[in-house]
Amino acid sequence: MSKQFDVLVVGGGPGGYVAAIRAAQLGFRVACCESNPYADPKGEPRLGGTCLNVGCIPSKALLHTSHLFEEAGHGFADQGIAVGTPSIDVGRMLSRKDGIVRQLTSGIKGLFKKNKVTLLNGHGAFVGRGGEAGKEVWQLKVGEELVEAREVIVATGSKPRHLPGVPVDNEIVCDNTGALSINAVPKKLAVIGAGVIGLEMGSVWRRLGAEVTILEALPDFLGVADVDVAKEAAKVFTKQGLKILTGIEIGDVKISQKGVSIDYTDNDGGEQKLDADRLIVSIGRVPNTDGLDADKVGLKLNARGQIDVDAHCRTNLPGVWAIGDVVAGPMLAHKAMEEGVMVAEIMAGQAGHCNFDTIPWVIYTSPEIAWVGKTEQQLKADGVAYKAGKIPFAANGRALGMGDPTGFVKMLACAKTDRLLGVHIIGANASELISEGVVAMEFGASSEDLARICHAHPTLSEVVHEAALACDKRPLHF
Ligand code: FAD
Ligand code: NAI
């Protein structure tokens, strides 16, 4: 006897759980199955996927604690606050982080109950197609149970990419999972990959006292960000003590009794060795279709192992959709959620849509880095005529009052129409400030639209305002 639903969502990460909730709100009978690598000791399912369990949320908890630690040690004195030399209880820091994860993951179970989404605890795998003509259903095995549904949303996420020949034990050599549970501040920490995880986790442990060296393969640092932002970030991070080496080729990596030793070739072809207590490997993530039996039903993957979808997340199979990290596009939780909502709404006959041009990016370092839209180098490559407005936080009273005047806001607008093409921020609270750029771009705003909007004083958002004015070469405070 099979269990029957209108919609089966495979995977309970941010893409999957949001899709399930939205589909249930729209009147579908919905189940979500989760294979649960993050189950608690009692075997209870843990929803939230990578994001809540070993990604966005725990990393931001550690970033916050380590930021406060650094402020107490180095920032307070400037403002006349003496607290002595702070010490860190790593165990307490980790258990606080684990508590936040527990609270949020169980909160999603509550949301499932509220929205009448059935949670199935087990790995989902395609079996085949059944049902009568005109009323076909997809059949999947979830654990030992057969489940049938008219529509299936695959939201199986991603997993860390490992380096061939570098064994991850999540003790000495960690991927993102182990990196979030290092139980003592390493004296020396090596990181392979100067991407988002490398910078965020490298910052956590540097702030807590580790000597951090990041080894990056590409010749340029942070090539995904706007060129000015990447330059400023390299300058600030280096000043903070993060050692970032680019153009590196990793050789042998060996775990020893003392820790780990990494052979690498540097920019000039010189053979080098780096000894460290711990190593974090953060060289990107790969789509996860493990055990899904996609081939059994002919579900098409592309050359990168992602499930092939169109702009509305339709796969090559009728009634099968795929969203989030397992499909193309940025591997971001909010992108996965947007796709989940879009698919549920299209299934309900609504005009679901996801604007991939206005997905914000944030790197939660200090200063934070955030952007939306095109970078200056992309506009140049595309041959688009643009104008730019760039204002430093050092010209802003609130930033000075906060003792945090690093960085700038850079705005890019079309030279002909003045339409906003990109907003790039490096500075305090960039993660929150970027929303103004996202909203403006969603509404098709021009830089003049932003320049004409009254911004509260004194706030950091005034720097966004001034950058808009600067697009027309008329800033008032710079
Ligand atoms: P996932 O979150 O990976 O969830 C997929 C779920 O499916 C998992 O729970 C998995 O167990 C389950 N599953 C897989 N196969 C099956 C199966 N066959 N049957 C049943 N269940 C299955 N993004 C941001 O936007 N902001 C951040 O600050 C941020 N920080 C991050 C920090 C780190 C350290 C990492 C690693 C990632 C971070 N990300 C961040 C990325 C973000 O976590 C992912 O983009 C997001 O989780 C993707 O959501 P998803 O639902 O597609 O997949
Ligand atoms: P990433 O793609 O951001 O960075 C990987 C880096 O490793 C790149 O700079 C790449 O050039 C480098 N690299 C690749 N192979 C290498 C090698 N052999 N030797 C040395 N360097 C090498 O991937 P990361 O940091 O692992 O994060 C994965 C994804 O998780 C991100 O792309 C992002 O989508 C998501 N994420 C998002 C966060 C956020 O939104 N704040 C935070 C953390 C992760």
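The values are calculated or read from the model by the stated rules, or taken from the named source; none is laboratory data. Not measured: the values here are computed from a predicted model. Every residue, glycine as well, gets a Cβ built from its backbone with ideal geometry; the counts of neighbours run over all protein chains shown. Just so you know, the surface numbers come from the protein's heavy atoms only, side chains and all, with ligands and any DNA or RNA stripped out. Shrake-Rupley method; radii C 1.70, N 1.55, O 1.52, S 1.80 Å.
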Exercise. Within straight cross-link reach of K113, meaning Cα distance under 18 Å, which aspartates and glutamates are found once same-chain residues fewer than 8 apart are removed?
Worked result: D6, E34, E44
Seminar exercise, completed: Site A385, offset 7 angstrom along Cα→Cβ, radius 12 Å on amide nitrogen, limited to the stretch 412-435, gives 414-418
Problem set entry | Within the stretch 228-271, backbone nitrogen closer than 11 Å to the virtual label 7 Å beyond the Cα of E211 toward Cβ | none
Exercise. From the Cα gyration tensor of the stretch 173-283, with a ≥ b ≥ c the square roots of its eigenvalues, which class applies: rounded if a/c is under 1.5, or else prolate if a/b is larger than b/c, or else oblate?
Worked result: oblate
For this session: Could you tell me which trypsin sites (Lys or Arg not before Pro) in the stretch 296-385 are loop residues by DSSP with no more than 16 other beta carbons within 10 angstrom of their beta carbon?
Result: K300, R304
Exercise. Got a sec? Which residues in the stretch 205-246 would a label at D89 touch, if it sits 7 Å along Cα→Cβ and we count backbone N under 19 Å?
Worked result: 208-209
Exercise. What is the set of long-range amide H partners of K188 at a cut-off below 5 Å, with H atoms built 1.01 Å from backbone N?
Worked result: E211, D277, R278
Seminar exercise, completed: With a Förster distance of 56 angstrom and the Cβ-Cβ distance between F478 and D293, calculated FRET efficiency to the nearest 0.05 equals 0.40
For this session: Sequence neighbours fewer than 8 away in the same chain don't count; with that in mind, list the lysines whose C-alpha is under 19 Å from K254.
Result: K187, K188, K273
Exercise. The stretch 146-238: which GluC sites (Glu not before Pro) are DSSP loop and have at most 16 other beta-carbon atoms within 10 angstrom?
Worked result: E171
Exercise. Please state the relative contact order of the chain as a whole percent: Cα pairs under 8 Å, 6+ residues apart?
Worked result: 14 percent
For this session: Per residue of the stretch 35-51, in order, report the coupling 6.51 cos²θ - 1.76 cosθ + 1.60 (Karplus, θ = phi - 60°) as ³J(HN,Hα) in whole Hz, putting x for Gly and Pro.
Result: 7, 6, x, 9, 4, 6, x, 7, x, 5, x, 10, 7, x, x, 4, 3
Exercise. Per residue, how much accessible area does the stretch 173-283 have with a 1.4 Å probe, in Å²?
Worked result: 43 Å²
Exercise. Tell me, what ³J(HN,Hα) does each residue in the stretch 454-470 have, in order and in whole Hz, if you take phi through Karplus 6.51 cos²θ - 1.76 cosθ + 1.60 with θ = phi - 60° and put x for Gly and Pro?
Worked result: 6, 10, 4, 10, x, 9, 5, 5, 4, 5, 5, 4, 5, 5, 5, 4, 5
Exercise. Stretched out fully, how many nm does the piece from D220 to Q25 gain, at 0.36 nm a residue minus the Cα gap?
Worked result: 65.6 nm
Exercise. At a Förster radius of 56 Å, what calculated FRET efficiency corresponds to the Cβ-Cβ distance of T459 and R304, to the nearest 0.05?
Worked result: 0.85
Problem set entry | Note, ³J(HN,Hα) from phi for the stretch 52-59, Karplus 6.51, -1.76, 1.60, rounded to Hz, x at Gly and Pro | 7, 8, 9, x, 3, 6, x, 5
For this session: Note down the nm distance, to one decimal, between modelled labels 7 Å out along Cα→Cβ at A39 and at Q257.
Result: 3.9 nm
For this session: Kindly report the accessible area of the stretch 358-470 per residue (heavy atoms of protein chains, probe 1.4 Å, no ligands, DNA or RNA), in Å².
Result: 40 Å²
Seminar exercise, completed: Surrounding charge for C32, neighbours by C-beta under 13 angstrom, Lys/Arg +1, Asp/Glu -1, total +4
Problem set entry | the chain - percent of accessible surface contributed by carbon and sulfur, probe 1.4 Å | 52 percent
Exercise. Do you know the relative contact order of the stretch 134-257, to the nearest whole percent, from alpha carbon pairs under 8 angstrom that are 6+ apart?
Worked result: 19 percent
Exercise. Which of the lysines could be linked to K387 by a straight reach, that is with a Cα gap under 19 Å, when you skip same-chain ones fewer than 8 residues away?
Worked result: K374, K410, K416, K473
Seminar exercise, completed: Magnitude of the Cβ-charge dipole (Lys and Arg +1, Asp and Glu -1) of the chain about the Cα centre, nearest 20 debye, reported as 720 debye
Seminar exercise, completed: Placing each pseudo-label 7 Å from Cα in the direction of the beta carbon, N355 and A82 end up separated by a distance in nanometres of 5.4 nm
For this session: Starting from the Cα-Cα distance between L163 and L400, subtract it from 0.36 nm times their residue separation and give me the gain in nm to one decimal.
Result: 81.0 nm
Problem set entry | Length added when fully stretched, L146-Q377, from 0.36 nm per residue minus Cα-Cα | 78.0 nm
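What number, rounded to the nearest 500 deg cm²/dmol, is the helix-based mean residue ellipticity at 222 nm of the chain, given -39500 (n - 2.57) per DSSP H run of at least four residues and division by all its residues?
One gets -9500 deg cm²/dmol as the mean residue ellipticity at 222 nm.
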Seminar exercise, completed: Along the dipole axis of the stretch 55-117 (charges at Cβ: +1 for Lys and Arg, -1 for Asp and Glu; origin at the Cα centre), the most positive-end residue among G73, S106, S87 is S106
Seminar exercise, completed: Output for the stretch 193-285: trypsin sites (Lys or Arg not before Pro) sitting in coil per DSSP, at most 13 other Cβ within 10 Å, listed by number, reads K258
Exercise. Under a plain spin-label model, where a point goes 7 Å from the Cα along Cα-to-Cβ, how far apart in nm are E136 and H312?
Worked result: 1.8 nm
Exercise. For the stretch 358-470, rounded, prolate or oblate, judged on the Cα gyration tensor with a ≥ b ≥ c (square roots of eigenvalues), a/c < 1.5 rounded, else prolate if a/b > b/c?
Worked result: prolate
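Given N residues in the chain, what is Rg(Cα) / (2.2 N^0.38 Å)?
Details: Rg = 23.9 Å, N = 478, 2.2 N^0.38 = 22.9 Å.
Cα Rg divided by the expected 2.2 N^0.38 Å: 1.04.
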